[in-house]
1. In nm, give the distance between the simple-model label positions of Ala15 and Asn51, each being 7 Å from the Cα along the Cα-to-Cβ direction.
2. Only helices at least 15 Å long along their own axis, judged from Cα atoms, and with Kyte-Doolittle mean hydropathy of 0.0 or greater: name those in the chain from DSSP H.
3. What do you get for Rg/Rh of region 126-267 when both radii come from the Cα atoms and Rh is the Kirkwood radius?
4. By how many nm would the segment from Leu286 to Ser125 lengthen if fully extended, with 0.36 nm per residue of separation less the alpha-carbon distance?
5. Among (1) 20.4; (2) 18.8; (3) 21.5, only one was calculated for this model; which label is it, if the read-out is Kirkwood radius over Cα pairs in Å?
6. If neighbour count is taken as other Cβ atoms inside 10 Å, put Tyr23, Tyr268 in order from fewest to most.
7. Among 258-265, 182-189, how do they line up by average Cβ neighbours within 10 Å per residue, starting with the highest?
8. Alpha carbons only, please: Rg and Dmax for region 98-170, in angstrom.
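Every number here is computed from the coordinates shown, using simple stated rules; none is lab data. Treat the numbers as computed from the prediction; the structure is a model and nothing was measured. Neighbour counts are summed over all protein chains in view; Cβ atoms, including those assigned to glycine, are modelled from backbone coordinates with ideal geometry.
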Amino acid sequence: MLLRGLAGAAALTVAIVLVLIAYKVVDQAGDAISAFGLGFITSTEWNAVTNQFGALDLIWGTAVTSLFALILAVPIAIAIGLFLSELAPRRLRAPVGALVELLAAIPSVVLGLWGILVMGPFLESHIEPWLNIHLGFIPLFGGTPSNVGLLPACLVLTIMVVPIVASISRELFDSVPGDLKAGSLALGSTRWEMVRSVAIPQVSGGLVAAVILGLARALGEAIAVSQTIGGALGRPTSIFGSADTLASRIANQYQGAATSLQTSSLAYLATILLVFSLVANISAQLIVRRIRRRMGTR
């Protein structure tokens, strides 16, 4: 009875804290909501001199960087999870797994600094010119190579998302009952066929949840992105161009906001981020439930 009460109190505390955070953010965004309404979401202007603010370019930058980071990170992370749980020699699983988890512990500001000093110049000197020469006819790879922009920001986010999804994927694949794996192999399946037909379907709901956690990490990252993305408004068609994100703009300008309306507009950006996170988590829950229901009917 005591344990149930303590657990319930802990859960209630978390819920209350979340509600208070959301209330405070929305309350601080009240002036901007009154001044701009939903037009704030569709406006591209951000001018502290004229007190005109809009979030469209920042929403676009957030969506593009997060999407590209997931496209790059999820296959790599799931492959790492499969390797550590099914393919790696036992003597390698512990050290490699520890290194993957250690990557998640690196402070974002350190990754951002590495992105500025090492990765950005390398991309500008080698990778981006090669992409421009061979794929420049595609607008995505056109433009002038730069050491800051969408590509460095996406790669930094990829590095931050991979260990989260990989660690969860490994635990999920390790949780698949050994009898199911052994039975599939005994029936003549290759190891890859066992993974594809037994292991992945068993943990598909958990993999979706892992991807959503990675998405939340990418959406909310501020420091590393602000160091590598360039901080410019606009929606460049090339991944070499500079842009900005919701979280990056909040981190860069909140302390130095010139007017109360600018501060309120930054809180409006935070409100949009909260809504994105809420929608992502609800969508993940619905997807996981549907997958589990479908698996239960088989």
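1. The modelled label-to-label distance comes out at 4.1 nm.
2. Those that pass (Cα extent of 15 Å or more, hydropathy at least 0.0) are 2-28, 56-82, 90-105, 150-175, 200-220, 260-296.
3. Values: Rg = 21.4 Å, Rh = 18.4 Å.
Radius of gyration relative to Kirkwood radius: 1.17.
4. On the way: separation 161, 0.36 × 161 = 57.96 nm, distance 4.46 nm.
In short, 53.5 nm is gained.
5. (3)
6. Working: Tyr23 10, Tyr268 27.
Ascending Cβ contact count within 10 Å gives the list Tyr23, Tyr268.
7. Numbers: 258-265: 17.5, 182-189: 12.4.
Highest to lowest by the protection proxy: 258-265, 182-189.
8. When restricted to Cα atoms, region 98-170 yields Rg and Dmax of 14.4, 42 Å.
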